[in-house]
1. Calculate the translational D of the chain in whole µm² s⁻¹ from Stokes-Einstein, where the hydrodynamic radius comes from the Kirkwood formula applied to all Cα pairs, the temperature is 20 °C and the viscosity 1.002 mPa s.
2. Rg and Dmax of segment 33-165, Cα atoms, in Å?
3. Apply the membrane-span-like helix rule to the chain: whole DSSP H runs, Cα extent along the own long axis of at least 24 Å, mean Kyte-Doolittle hydropathy at least 1.0. List the helices found.
4. Let me spell out the model: positive unit charges on the Cβ of Lys and Arg, negative unit charges on the Cβ of Asp and Glu, origin at the Cα centre of the chain. What dipole size does that give, in debye rounded to 20?
5. Among LYS172, LYS28, LYS164, determine the one that fluctuates most according to a GNM of the chain built with springs between C-alpha atoms less than 10 Å apart.
6. With springs only between Cα atoms under 10 Å, which of ASN149, ASN113, ASN93 fluctuates most in a Gaussian network model of the chain?
7. Based on DSSP H runs of at least 4 residues, each adding -39500 (n - 2.57), what is the mean residue ellipticity at 222 nm of the chain after dividing by all its residues, to the nearest 500 deg cm²/dmol?
8. Among THR9, THR97, THR115, which comes first, then next, by fewest other beta-carbon atoms within 10 Å?
Amino acid sequence: MSTKLFDLTDKIALVSGASRGIGEEVAKLLAQQGAHVIVSSRKIDDCTAVAESIREAGGSADPFACNIGNMEQIAALFAHIHQAYGKLDICVNNAATNPYFGHVLDTDLGAYNKTVEVNIRGYFFMSIEAGKLMRDHGGGAIVNTASINALQPGPMQGIYSITKAAVVNMTKTFAKECGPLGIRCNALLPGLTKTKFAGALFSNEEFYQEAIKGIPMQRHAEPEEMAGTVLYLVSDASSYTNGECIVVDGGLTI
């Protein structure tokens with residue numbers, strides 16, 4: 001149900017990595033506020049399940065499978081958006097990968113390429129295609145999910161941390177160049193959040209306890225705690241916000 005402050009009625013929103021975790025919670029919240037949400041992730045069955053749950057709750061959503069590490073699939077996704085909706089108001093780049101957990105010196109080329117292709121190239125060209133649609137239809141809002149690791153590299157997460165630092169600078173680049181076109185671009189930097197994606201950190205007690213020490217509230221965050229910040233960033237209430245990188249660490253917004 002939309003509110004006066006965060007009314008997204010008639011908005012078309014794309015959320016990548018929306019089949020679970022932060023992306024799923026973002027997709028559900030945007031739909032609750034009146035947006036039609038394109039639920040995107042690699043597997044169509046997972047996308048369909050989330051889209052169906054949104055519709056059952058009274059929202060509007062459709063699934064579309066897309067691996068953002070694949071340029072042809074990105075092209076197919078935006079061809080579908082152009083044909084089916086004719087515009088895009090909101091793009092949340094949330095899909096990511098972290099195939100390697102270990103010492104940086106042991107990073108192999110396969111892990112490096114996969115992480116860069118999804119976390120940097122994928123976000124870059126998703127933002128380009130979204131930006132073109134927004135430019136042609138009066139503007140819009142792009143939010144990139146980065147990570148607290150962009151500011152302080154996570155242990156055993158070298159290449160992942162490097163790509164998330166790139167996402168922060170990418171966000172600022174798009175904000176600077178696309179702001180005059182009516183396109184806002186901001187980034188969300190989650191701290192330790194309990195998702196399947198972050199499973200390696202939660203299954204390793206030593207790493208988990210070390211991570212908790214550095215969190216102001218001394219606890220991890222839940223995916224739904226990230227969704228409200230994204231809603232704010234894509235809403236008209238934040239029309240003055242462009243190029244901001246907001247840290248949400250253990251439930252504390254910084």
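Where a number appears in this text, it was derived from the coordinates with a stated rule and is not lab data. What you see is a predicted model, and the numbers here were worked out from it, not measured in a lab. We place every Cβ from the backbone using ideal geometry, glycine too, and count neighbours over all the protein chains shown.
1. Using the Kirkwood radius from Cα pairs, D works out to 119 µm²/s.
2. In Å, with Rg to one decimal and Dmax whole: 16.2, 50.
3. none
4. Magnitude of the dipole: close to 400 debye.
5. It is LYS172.
6. Result: ASN113 has the largest fluctuation of those listed.
7. Details: 9 runs with 107 residues, N = 254.
Dividing the helical sum by the residues of the chain leaves -13000 deg cm²/dmol.
8. Details: THR9 9, THR97 21, THR115 25.
Neighbour counts put them in this order, fewest first: THR9, THR97, THR115.
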